Amino acid sequence: MKGTGVKGSDLRGSGLKGSDVNGSGAKGSGPSRAAAWLTVPAGRRGKWVVLALWALLLIPALLLAGRLGEAEQNDNAAWLPSGAESTAVVQRAAAFGAADTVPAIVLYDRPTGITASDLTKAQADAAAFGSVEAVVGAVQGPVASPDGKALQTVVQLRKGKDGWEGLGHSVDALTAIGAAHADGLGFHVTGPAGYASDSIKAFGAGGSLTTITAIVVVVILLLTYRSPWLPLLSLVTVGGALAVAEAAVFLLARYAGLVVNKQTGFILVVLVFGAATDYALLLIARYREELAVHQDPHEAMARALRRCAPAITASAATVAAGLLLLVLAELNSTRGMGPACAIGVLVGWLAMLTLMPALLVACGRRAFWPRRPEFGAAAPDGGRIWTHLGDAIARRPRTVWIGTALALGALALGSFSLRADGLADTEQFTGHPQTAVGKQIQSAHFPAGAGDPLYVVAGADAAEPVRAALAGVPGVRAVSPPLPAGSQILLSAELSADPSSRDAMHTVALARTAVHAVPGADALVGGTTAIALDTRDAAAHDDALIIPVVLLTVLLILAVLLRSAVAPLLLIGTVVLSFGAALGVSALVFRHLFHFAGTDASFPLLAFVFLVALGVDYNIFLVTRIREDARTLGTRRAARTALTATGGVITSAGLVLAGTFAAMASLPLVFAAELGFAVAFGVLLDTLIVRSVLVTALTLHTGPRLWWPARHP
């Protein structure tokens, strides 16, 4: 039949007969045992078995998924490089009672000058702060600024077992005390504890992120299929997959030592929604094609599963493998994210090959209402636009792929302007939380490094040499007397620069060189500035190690899938070029449109893994269709028919994935906005340009040589 992309010879050549699909899935000698298991969700009885099993699985999953927050670790250990010097300082500082404390800097300001009543209030507040459960040690201050317009009090807070959540509650308690009856006196809580509190509140918007992501998926599916039932079935399946994934991650975090945090939690939501919906779109498109050829929906679904499952499986394997390689990272936050997100992708894959087919078959053709596909009617062919595009590319494929590659390369040049050496505290939020305002007030009235010192742990015998070496470091403003604890001493050093600035990181590097040179001191430098420096260095190490390994892994998966040496190399080349272009455009947009100061140190690696792993999906969907059709049509003709057949579904998939990542901008965090934009833009670039134009042109130019060393696909 015309327009279906399936001929009678295709059915005969596949070994699939009407009697092959019946009951639970397959009969006869044609299908393999694996194929028979694959089609169980399409069976008359099999679909009910699958639905019952998922219902039984979802009962405990829904209960456990809601407890994922209990297993999240948002303290320093969950983010820091495990072997970093700053991590060792946190561990050794336990002997001084300062292992898990964070300073909160309380600021009072009055533009006309601090009055006596203002000072009295600040002193009363300082006494009241001591009653807050998490406060450790004596409250320092209030101290008046040199210009007499501000007061500063430093409160050390213990994070405790609740990590950031505990800090948030403590900061709220300080705010409730200090903001009461201020009578026009400015009051702000800033410093590391203040930023931690604002961060946890920003991450707490994850519930709204889930809602926004679900709305994006539903709207795009409604526009794609113009049916109320298909978006509903997809949303039910994705929601079930997310619940099972979150439950599995919770169990691994609670009982197997998997480290997860708030960042992992919101990325998991976005990734499951985006990837699983992509798989749903591919399955639905194939099922719709087969409904035009097979009168029985069970038979149509069995055929659809056999045809699309390899591509969906290869896609999920590629994404999961890329994510699992993040376990090689030094940063704990990155290392824990990999397995958690890989679980999400694999559960989404399983749901779309079991639960979704069973739901679709149970609903039959009614699932497509009001535009139900009829048996014997021409199936949608993807639209004329893709046919015309294929014809245009076929006229001059070499010119098209060279021109497209050069354009993408030009866009990639923008990546040289990317600043990925971390964000200062005041640069981490898209809005203006009270901590950022407080930081501006502190900078205007007090020395930049006040309240957030460096910490040095050293042997007690070398106390004075270490103190002298530290005091002589450029950028160190003052050094405290040593605090003894057994055979160790603890020193604190106030910096001249803002502790979250790049200048302060340079001072940390100089301080480490100085104290490490003291014989027998065994000195280590830590503190929040040292943590930022170690995080940046660990991220650079992770980039250099993981990016080549991810590329090699994806290349091997493509080689096994396509049984070719040429095609995987070409596809990898297009994906890398696409990543470079997306990174280049993102760097320019961040600097000149969004006016962000830079990016988080882990941004390049995460953007690379998501864009390469997810971007190659669309190449897999297209090239596996080309390989399938090339057996009867030849490679060049198959490239054009595959573009037509997959154009609509892959574009819809790209829009869904881009939309889900763009939803991350709803979080008031620069990191979330940047990663969301970069992945969304990169996915659209892959969908509309790389897959549609560049890969098609390369295939048309290369022809049968694409499958070398095999002579035929």
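Every number here is computed from the coordinates shown, using simple stated rules; none is lab data. This is a predicted model, so every value here is computed, not measured. Note that each Cβ is placed from the backbone with ideal geometry, even for glycine, and that neighbours are counted across all protein chains shown.
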* Structure fact -> The summed charge of the Leu359 Cβ neighbourhood (under 12 Å; Lys/Arg +1, Asp/Glu -1) stands at +2
* Protection proxy ranking of 531-543, 80-92 - average other beta-carbon atoms within 10 Å, highest first -> 531-543, 80-92
* **Whole-number percent relative contact order across the stretch 95-203, with pairs defined as alpha carbons under 8 Å at least 6 apart** => 37 percent
* Within 10 Å, count the other beta carbons around each residue, average over each peptide in 352-358, 634-640, and list them highest first. => 352-358, 634-640
* **Charge sum, other residues only, whose C-beta stays under 13 Å from Leu68's C-beta, Lys/Arg counted +1 and Asp/Glu -1** => 0
* Subtract the Cα-Cα distance of Arg254 and Phe375 from 0.36 nm times their separation in residues, and report this length gain in nm to one decimal. => 38.5 nm
* Asked: Given 5 Å bins starting at zero, what is the percent of C-alpha pairs of the stretch 454-526 in each, up to the one with the largest pair distance?
  -> 3, 20, 32, 25, 13, 6, 1
* Applying 1/(1 + (r/R0)^6) with R0 = 41 Å to the Cβ-Cβ distance of Arg67 and Asp522, what FRET efficiency is obtained, to the nearest 0.05? -> 0.45
* When the helices in the chain are scored as -39500 (n - 2.57) per DSSP H run of 4 or longer and the sum is shared across all residues, what 222 nm value do you end up with, to the nearest 500 deg cm²/dmol? -> -20500 deg cm²/dmol
* **Modelled FRET efficiency - R0 56 Å, Ala55 with Ala468, Cβ distances, 0.05 increments** => 0.20
* Dipole-positive endmost among Leu700, Gly431, Val345 within the chain (Cβ charges, Cα centre) -> Leu700
* Selection from His595, Leu545, Ala517, by position along the positive dipole direction of the chain (Cβ) -> Leu545
* Beyond 25 Å between alpha-carbons counts as too far, so tell me which of Lys201/Lys439; Lys121/Lys149; Lys149/Lys201; Lys121/Lys201 fall in that bin. => Lys149/Lys201; Lys121/Lys201
* Under a straight-distance cross-link criterion of Cα-Cα below 17 Å, which aspartates and glutamates are reachable from Lys159, leaving out those fewer than 8 residues away in the same chain? -> Glu70, Glu72, Asp75, Asp100, Glu133, Asp172, Asp198, Asp452
* Pick out, from Gly240, His445, Pro142, the residue whose Cα sits farthest towards the positive end of the charge dipole of the chain, with +1 on the Cβ of Lys and Arg and -1 on the Cβ of Asp and Glu. => Gly240
* Asked: For Ala509 and Glu133, FRET efficiency with R0 = 41 Å and r from the beta-carbon atoms, rounded to 0.05?
  -> 0.65
* Sequence-separation-based contact order of the stretch 279-353, relative, with Cα cut under 8 Å and 6+ spacing, percent -> 29 percent
* Which three lengths, in whole Å and largest first, does the chain cover when its Cα atoms are put on their principal axes? -> 91, 50, 49
* Structure fact -> Stretched fully, the stretch from Ser480 through Ala176 gains (0.36 nm per residue minus C-alpha distance, one decimal, in nm) 106.3 nm
* Structure fact -> For Thr112 and Trp37, extending 7 Å from Cα along the Cα-Cβ vector and measuring point to point gives, in nm, a value of 8.0 nm
* With no solvent and one point on each alpha carbon, what is the Debye value of log10 I(q)/I(0) for the stretch 561-713 at q = 0.08, 0.12, 0.14 Å⁻¹? -> -0.25, -0.53, -0.68
* Asked: How do the peptides 654-666, 250-262, 386-398, 229-241 rank, highest first, by the average count of neighbouring beta carbon atoms within 10 Å per residue?
  -> 654-666, 229-241, 250-262, 386-398
* Asked: Which value, in debye to the nearest 20, gives the size of the charge dipole of the chain about its Cα centre, when Lys and Arg are +1 and Asp and Glu are -1 at the Cβ?
  -> 4340 debye
* Length-normalised contact order of the chain in % [C-alpha pairs under 8 Å, at least 6 apart] -> 18 percent
